[in-house]
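To keep things clear, I will list the structure first and then write my remarks on it.
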Amino acid sequence: MTQRADELVITGVGVASAGAYGLEAHWELLRQGTVKANAAAYSMRDFKAAAHLKEPRLLKAVSATDAIGLAALADVQRTGAWTADAYPAPRTGLYTGSPGPSSFDLCPYIEAMEAARDGDGSIDEGAFGRTAMSARPTTLLASLANNVLCYGSMMFNAQGPNSNYISGELSGHLAVQHAAKRLRRQQLDYVVAGGFGAHSEAIDTGMYTHLSLLLAEGSESTHTVMPYAGGEDARRGMVLADGAAFVALERRGAATARGAKILATYIGGGIASDGLGPLRSDPEGVAYSRMILRTLTQADVDPTQIALILANASGIDALDSVEINALQRVFGGLGAAYEPPALGVTTRVFGNLMEASGIIELGLVSRLFAHGELPAVMTAPASVGFSNRLPSRTPAASYALVLKASPWGEYSCILLRREDL
Amino acid sequence: MPHDPMRPKKRRVVVTGIGAVSALGSNLNDTWNGILEGRAPAAAVTHFDASQAPCKIAYEVNDFVLPEGLISDRERRFLNTAMVYGVKAVAEAMEQAALVPGQVDPERLAVCLGMGLCSADVDWCERIFLPKKYADPSLDEHIRFNPEQLASVVARLVGAKGGNTTIHTACASSGQSLGEAYEMIAYGEADVVVTGGADSMINSFSMVGFDLLGAMSKRNDAPQQASRPFDVGRDGFVMGEGACMLVFEDYALAQARGAKILAEICGYGVTESTYRITDLHPEGRGPVEAMQMALEDGGTAAAKVGYINAHGTSTQINDRVEALSIAKVFGTGTGAPKVSSTKSMTGHMIAAAGAMELAICINALRFQILPPSINVFQQDPACPVALTEAVATPTELSFALSNSIGFGGSNTALVARRWL
């Protein structure tokens, strides 16, 4: 496989979830097949972010959710051998995917709301305008969705192009794709991108329950999502998980020159929408499949060169069905001799990391190639028509697709090429 | 023929539709006329009881009606107030663009919006949050807090399948969404992008939050004169609300379908100040580079820019540092561009501000009129820029630039060129 100095490579991965901190620890969770006992186990409410930051003062005016994101960025610095003098500040960028407002953000106002209750016990909104003046001056700042972009940019001295996406499950993927475009256009030399979120709190859980998207707590000993279970299992839905994941991207020539470890080559990406409005997807997966094909075509990669697919695999029955239909449209008609790629699932272990989802996978692709087969906990049912082993038919089959899909009928994919670790 | 995303040559990007909702009016024409008249419709807040808050005034959208038939009742339930403004603005922009089905491949039509954070209010907290009735409320109230809802509805409305993107970088949100939309077309990833922003922070939590930071004006007794960018007596911003949406389009497509072109977008710059979350770097690090990047991006000489719509919030620090930044990039001599901040007339529309202010730049280019600088009773000598006159003034303009500067350090600059 020819390697070019100007191609984009992943050189650092930072991960913080309820299960572990760091990419290696997350790989161990997958390898060992560790699954959580209940939905609460995906919460990072008690996470100690300060222990991971060189400058814990950054946490003074941010939310607990932001702190998770900053801890993951610190992990990128560590694993990516980042140094302050490696790249000029105006040529360094940060792209983040973040959640919108959180009920945590309302907590600083609780005291003021209680103080504003009138004689009949209801809150006098007019009085709240006065009582709230005793809240911390920085109360509003803790709720800003771009705090991690702000403080993370300070951590990396990233003064170049940047952005923050609030597009739900696709946010982290959008960040990576836009970051990569900036590198391709020579507008940046080094960029960190990914997402973070914490949705295991009661309000978000309530909302997703109302939308019938969550796996109901049952009597089972585990609380594992069952992607592609179809009619075989009544427990269908996703599990919300808190977490953050970021990758560092740079050009191969520069990464090699500074001695950075290369984890994979970033080839391209794509986004699409069914255009049907909120909470509506095309069950046939047409837009989803065409996005994948477009991404492959633009990269001059044939579907037969895909050896690994790391699927969205939410556990939401309807969405998983869209995904399988889309994949069948791309890979289903390639002939009887065609050996299908491996289809891997991380949601059984990680849950749905929402804005951070689909990012850890970018760091695991080459490791899975080296491993040769999917850990048992990552396998999909045989009925979906894909493999659990990575085919090794030709050296050209060195590509992997990482997919994201949201119940809003919005899709994203990132195409990587393996690296010999 | 597959598109090559790495093509070095950029495509030309033009604007073919604009829609707006602001305190000045529920369409672009009324908003623009309000600006030309120098109106400042700020008044006592009516959206909530602000009677005991330090800042009791705002630029509210009143008498707004969403035309029937645009969205279904089901979709309406997913949208908060700001998002509904956004739907109206999209409909207006699309009508002007006259883009009909079949003229653009739906997979080459994308949506890229800057959105506010749609925060909860006291009423919601009292009913839901404090009594912890998380499982009780209707779907509607929960889901309206999801900022990405509008992009989803807009995609359905315009038939876009090229992907939805929602951005939040505080006050730079829609400046950034316009910039990313421009780049999507310039670099061949899309042919048409519906872009812009929507926001309403006229609620108790948001206004109190800004009050706690000391960012808002306390001139409650003179609301129409409270927002006074670059005036020596400025004491903070006044909240606005609304939406502004634009249709960005590949020039070749617009030409082929005979669309009326309103302006060309010819430069985008975006930087991070990496200084403090609310304060600007005293020497303008960030805004300076964003403006330089935007000029360089389009190969536009600084001397050609005749008008700058400044971020100009009416806070002490923003206006001083932004003015110094403009002076650094454009100089202070007789050839320096005229500068105004139209927030004195629209209020601070937060995540929608950048889109609204680029739309005003485009109208300034189209109609060859400089928007007025109202409420400047005595220009702050620490703000060394050539402000526009107190009344709208005919001029000759070829290029205009719009700045956005957000809490969190994101800065954007967009350059628009007159279309002849």
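The values are calculated or read from the model by the stated rules, or taken from the named source; none is laboratory data. All figures in this text were calculated on a predicted structure; none of them were measured in a lab. Ideal geometry is used to build each Cβ from the backbone, glycine not excepted, and the neighbour counts take in all protein chains shown.
Restricting to segment A:254-300, and then to whatever is among the acidic types (Asp, Glu) and surrounded by fewer than 22 Cβ atoms within 10 Å (Cβ to Cβ), can you tell me which residue is nearest to the chain's Cα centre (by Cα)? Here the answer is A:Asp282. Close contacts from segment B:200-218, counting a first residue that is at the interface with chain A (Cβ under 10 Å from one of its Cβ atoms) and a second that is among the polar types (S, T, N, Q), with Cβ to Cβ under 7 Å and a gap of 6+ residues or different chains, come to B:Asn203/B:Ser119; B:Phe205/B:Ser119; B:Ser206/B:Ser119; B:Gly209/A:Thr139; B:Leu212/A:Thr139; B:Leu213/B:Thr278; B:Ala215/B:Thr315.
Determine if segment A:32-49 includes at least one residue that is among the charged types (D, E, K, R) and in contact (Cβ under 8 Å) with a residue 40 or more places away in the chain. If you could, list the steps in order and put the result at the bottom.
Start the filter on segment A:32-49 by keeping residues that are among the charged types (D, E, K, R), which leaves A:36, A:45-46, A:48.
Right, trim to in contact (Cβ under 8 Å) with a residue 40 or more places away in the chain and you get A:36, A:45.
Yes, segment A:32-49 contains a residue that is among the charged types (D, E, K, R) and in contact (Cβ under 8 Å) with a residue 40 or more places away in the chain.
The set of residues in segment B:182-196 being touching a strand residue (DSSP E or B) at 6+ places or on another chain (Cβ under 6 Å), among the small types (Gly, Ala, Ser) and within 12 Å of chain A (Cβ to nearest Cβ) consists of B:Ala186, B:Ala190. One residue stands out in segment B:94-116 among those that are among the aliphatic types (A, V, I, L, M) and surrounded by fewer than 24 Cβ atoms within 10 Å (Cβ to Cβ): the one that is farthest from B:Lys161 (Cα to Cα), namely B:Ala98.
In segment B:161-177, the residues that are farther than 10 Å from B:Ser410 by Cβ reach residues that are surrounded by fewer than 24 Cβ atoms within 10 Å (Cβ to Cβ) and basic (Lys, Arg) with C-beta atoms within less than 9 angstrom, at least six apart or across chains, in these pairs: B:Lys161/A:Arg290; B:Lys161/B:Arg108; B:Gly162/B:Arg108. Just give me the residues in segment A:179-218 being modelled with pLDDT of 95 or more, surrounded by fewer than 24 Cβ atoms within 10 Å (Cβ to Cβ) and in contact with a helix residue (DSSP H, G or I) (Cβ under 7 Å, 6 or more places away or on another chain), in sequence order. Matches in segment A:179-218: A:Asp189 only.
Mind counting the residues in segment B:165-181 that are facing another protein chain (nearest Cβ under 10 Å) and in contact with a Leu (Cβ under 8 Å, 6 or more places away or on another chain)? Qualifying residue count for the region: 8.
Mind checking whether some residue in segment A:113-128 is facing chain B (nearest Cβ under 8 Å) and crowded, with 24+ Cβ neighbours inside 10 Å? Taking every residue of segment A:113-128 in turn, at least one turns out to be facing chain B (nearest Cβ under 8 Å) and crowded, with 24+ Cβ neighbours inside 10 Å. Residues in segment A:137-162 that are free of Cβ contacts under 8 Å to residues at least 60 places away in the same chain and closer than 20 Å to B:Val288 by Cβ: A:Leu149, A:Cys150, A:Ser153.
Comparison of A:Val62, A:Val76 shows that the only residue that is of a type in the set (A, V, I, L, M, F, W, C) and closer than 24 Å to B:Pro147 by Cα is A:Val62.
The set of residues in segment B:285-328 being aliphatic (A, V, I, L, M), closer than 24 Å to B:Pro381 by Cβ and in contact (Cβ under 8 Å) with a residue 40 or more places away in the chain consists of B:Val288, B:Met291, B:Val305, B:Ile308, B:Ala310, B:Val321, B:Ala323, B:Leu324, B:Ile326, B:Ala327. Only one of the listed residues (A:Ala158, A:Ala145, A:Ala135) is surrounded by fewer than 21 Cβ atoms within 10 Å (Cβ to Cβ), at the interface with chain B (Cβ under 9 Å from one of its Cβ atoms) and either under 25 Å from A:Leu310 (Cα atoms) or of a type in the set (A, V, I, L, M) (or both). That residue is A:Ala135.
The residue that is surrounded by the fewest Cβ atoms within 10 Å (Cβ to Cβ), among those in segment B:117-135 that are within 7 Å of chain A (Cβ to nearest Cβ) and part of a helix (DSSP H, G or I), is B:Glu126. Pull up segment A:57-110, narrow it to residues that are β-branched (Val, Ile, Thr) and either within 13 Å of chain B (Cβ to nearest Cβ) or under 15 Å from A:Asn147 (Cβ atoms) (or both), then point me to the one that is surrounded by the most Cβ atoms within 10 Å (Cβ to Cβ). Out of the qualifying residues, it is A:Thr96.
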